[in-house]
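Working notes for the structure below.
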Amino acid sequence: MTTEEFQELLLRYKQGNCSAEEVRKIENWFSELNSVSEVSVSDEEKELLEKAIWQVVRGNMAAAKKRNSRPDGSWRLYSAMAAAVLLVIALVAGMYLQQAPGYLDKPVTLLRALLPGQQGWVIRENRTDGVTLVELEDGSKITLLPHSSVSYPKALNPDKREVRLQGDAFFEIARQEGRPFFVYHGKLVTHVLGTSFWIKRDPAANSLHVEVVTGKVSVYEQDEAAPLSPEGIEKKTIILTPNQRVTYNEQSGDLVTEVMQEANLTSPPEKADAYSLHFNNASLPEIKTVLEKNFGTEVILLNEEMNVCTFTGDVDGLAIAEMMDLISKSIGTITYEIKGRCVLLYGDGCD
């Protein structure tokens, strides 16, 4: 059963037009709702559920006010509000209790879809153990890490570009003057014109990290229920440049900046700290781990099919650019690009 079918069924139930079998189904759903307390719901899911309920409630109350000026209008307002709450709760109950086609796997994804302003958005999810590349209409690229998702408007907005992120991702934003790019992750807003940067979540510390690779970004906190004025945004904004990181505490709202350690991309690593650079039939993920430990860089495989590619050789004494030249030519199906402290690997994989 899809979300639309469930809404229609609930509406018929409210109007008293359901069959006996449909009434039994709905009453079973609500009775089973009391038994799902063991389901783990994240803070983000709770926040989205609350937002969904109140947005639907406000919409129903406004519509009811326009329709009703009679003395019983207050009762109708209460009825509209209750129906809105029941609608969202029932949809979430159906999401947990029904596994039929039409529901998305992740609770937070469905909750986002329920918000009135989100129906016109495209949702892209990475349910794999590798990375997924998402290319936007403006030429911007988003590398989604495993079990992350991003959503963006279907319709082109000439004034600004917006995406909503859940999880971790690397962004390469195409520069467009007069059309800024916004990334929303909970209450954290990252505003850029053209740059590359990471957004990573640290669930254990209830925090988010924004790390700039190239260009410049501005970061601030904003609650969608109480949007900031331009003056308020300017007052709360932190500007980041390459090799800077801001850590956002999701509970306190604090933003703390720090300078990241420079990656060593131009010379061989120190022997004392080096992992072995003698590779014998090593896979690219294994090589990635060694390079990150040796050079303090981040290596991103932009296609999970590259995981099976292997390399044999001695690259000791080489700078990372020389090393990547040798590895890419040896494998033959991959290319690389160095951006700031990141090494991006492209390719179609190996046989």
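Worth pointing out:
- The relative contact order of the stretch 153-192, computed from alpha carbon pairs under 8 Å that lie at least 6 residues apart in sequence, is 40 percent.
- Cα gyration tensor shape of the stretch 187-238, rounded if a/c is under 1.5, else prolate or oblate by comparing a/b with b/c: oblate
- Placing dummy labels 7 Å off each Cα toward the beta-carbon, the span from Ser283 to Asp202 is 2.9 nm.
- Too-long pairs where the Cα-Cα distance tops 32 Å, listed order kept, from Lys160/Lys200; Lys154/Lys329; Lys187/Lys216; Lys200/Lys236: Lys154/Lys329
- Estimated distance in nm for a label pair at Asp348 and Lys187, the labels positioned 7 Å out from Cα along Cα-to-Cβ: 4.9 nm
- Solvent-accessible area of Glu286 with every protein chain in place, 1.4 Å probe, in Å² to the nearest 10: 100 Å²
- The stretch 337-351 versus the stretch 125-181: alpha-carbon centroid distance in Å: 18 Å
- Heavy-atom accessible surface of the stretch 118-244: percent carbon and sulfur, 1.4 Å: 52 percent
- Accessible-area order (highest first, 1.4 angstrom probe) of the listed residues Thr241, Thr335, Thr190: Thr335, Thr241, Thr190
- Loop-resident GluC sites (Glu not before Pro) (DSSP state other than H, G, I, E or B) in the stretch 149-189 with no more than 12 further Cβ atoms inside 10 Å of their Cβ: Glu177.
- Ranking by accessible area, most exposed first, for Ser207, Ser229 with a 1.4 Å probe: Ser229, Ser207
- Sum of side-chain charges, Val299 neighbourhood, beta-carbon under 13 Å (Lys, Arg +1; Asp, Glu -1): 0
- Förster radius 30 Å - calculated FRET efficiency between Ser330 and Thr237 (Cβ-Cβ, nearest 0.05): 0.05
- Calculated FRET value between Ala155 and Ser276, using beta carbons and R₀ = 51 Å, to 0.05: 0.45
- Take the Cα of Glu27, step 7 Å toward its Cβ, do the same at Ala174, and the gap between the two points is 5.7 nm.
The values are calculated or read from the model by the stated rules, or taken from the named source; none is laboratory data. Source: prediction; values computed, not measured. Here Cβ is always computed from backbone atoms with ideal geometry, including for glycine, and neighbour counts include all displayed protein chains. Just so you know, the surface numbers come from the protein's heavy atoms only, side chains and all, with ligands and any DNA or RNA stripped out. Shrake-Rupley method; radii C 1.70, N 1.55, O 1.52, S 1.80 Å.
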